[in-house]
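Only one structure is covered here, and it is reproduced in the block below.
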Amino acid sequence: MTKRISVESLSLTEISKLFQESIQIALPKSKGAIASTLKRLKKAGIQSHQWTKTYEEFKGAKLNFYCEKLAIQSQPIVSIGMTHRTKKGLILVTVDVSNGGISTNTFNPDSPWKKWIRIYSGHCCERFAERILNADSSFQVGSEGIMFSDVLGPVRVTDSIADGIDEIEFQFKEGQFYGYRDSKNKITYFRTVYSNDMLKRDRLEFKNEWEQPLQELYQLFGLN
């Protein structure tokens, strides 16, 4: 596809549409490339491996397939993400299979993906590298760490910003993300992240309340 657009001035809603359009274009191409890599790994006797396959369908919008082959599985786990440059710097755009976050009231593990998109600010990716991975503060390290991690957990609404837009806290195994959820456009935006050892007061209570359910959730999906 030869379409070229100016991506630096797009709204989050437009970025979400661009990401989903890119997936439709690149997904058929990825299947053959992933199968070819699996054959090479099998021939070399490699049972566990991580790799990234990149497609740049649009100027400034790079779509990545983050693949992880485990010894206990015949097929790799594949996560799809897009690095995108805005006027404020790079962001990471991903599929949000939790559909805006697991509700603290109900949880349906069989709920299909309803085309929610999750966006991480560049600052959030850098803090993930620093605070969760204990690595140098780097967008690339943080974004790859996020994509190769299993970020599942409940959402707590802390404030209502506007109609359909809430300020949220998202608890996952290693910490909490902070940002906003646009229920109308099905977009979750994370601006920063804290590790569990940084949490205080009610945030720590939220973490402790969900510690056991999160363990059970990760076991349910075989993520431990």
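Every read-out reported here was derived from the displayed coordinates using simple, explicitly stated rules and does not represent laboratory data. Here the structure is a predicted model, which means the values were calculated and not measured. Using ideal geometry, Cβ is built from the backbone for each residue, glycine included, and neighbour counts are taken over all protein chains shown.
Inter-part distance, the stretch 12-38 to the stretch 115-153, computed on C-alpha centroids, equals 20 Å. Listed by chain and number, the lysines whose alpha-carbon sits under 20 Å from that of Lys207, ignoring those within fewer than 8 places in the same chain, are Lys173. Sorted on the mean count of surrounding Cβ atoms within 10 Å across their residues, most packed first, peptides 122-128, 47-53, 143-149 read 122-128, 143-149, 47-53.
Holding the Cα-Cα limit at 21 Å, pick out from Lys31/Lys53; Lys17/Lys115; Lys115/Lys184; Lys87/Lys186 the pairs that are longer than that. Cα-Cα > 21 Å for Lys87/Lys186; rest within.
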